[in-house]
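Just so it is clear, none of the values below were taken in a lab; they were calculated from the coordinates. This is a predicted model, so every value here is computed, not measured. Every residue, glycine as well, gets a Cβ built from its backbone with ideal geometry; the counts of neighbours run over all protein chains shown.
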Amino acid sequence: QVQLVESGGGLAQPGGSLRLSCAISGTTSSINTVGWYRQAPGKQREFVAEIARRGTTNYVDSVKGRFTLSRDNAKNTVYLQMSSLKPEDTAVYYCTAIRLATSYWGQGTQVTVSS
């Protein structure tokens, strides 16, 4: 089993920054990809970004140049640095990890961008 715990959400002003953390525990070997999704009120959950085991990253077009993924393997933690935040970034952000074709999800952390 894999457990994921997100943190770092909160309220930010437009143009501001937040850093989300995803702490991964349990059986972490063979985790291929760790990613972030988000779900805004009344909308479907959407892909935001992902980082593969070898460090390759992928971002949805709407966050390219503003969001940056990184990982600390020693701490089994993946970070999503969010900058130049926009009101449309408001959503619950979920961390997900894929291990041996099984997806695991965290409980989510709320990000609100508002003045």
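The magnitude of the dipole of the stretch 34-73, with charges of +1 and -1 set on the Cβ of Lys/Arg and Asp/Glu and taken from the Cα centre, is near 20 debye. If Lys and Arg each add +1 and Asp and Glu each add -1, what is the summed charge of the other residues whose beta carbon sits under 13 Å from the beta carbon of S29? Value of the local net charge: +2. Taking the Cα centre of the stretch 12-108 as origin and assigning +1 to Lys and Arg Cβ atoms and -1 to Asp and Glu Cβ atoms, the resulting dipole is close to 160 debye.
With a cut-off of 15 Å between beta carbons, the residues surrounding T109 carry a summed charge of +1, where Lys and Arg count +1 and Asp and Glu -1. Neighbours of N73, meaning other residues whose beta-carbon lies under 14 angstrom from its beta-carbon, give a summed charge of +3 when Lys and Arg score +1 and Asp and Glu score -1.
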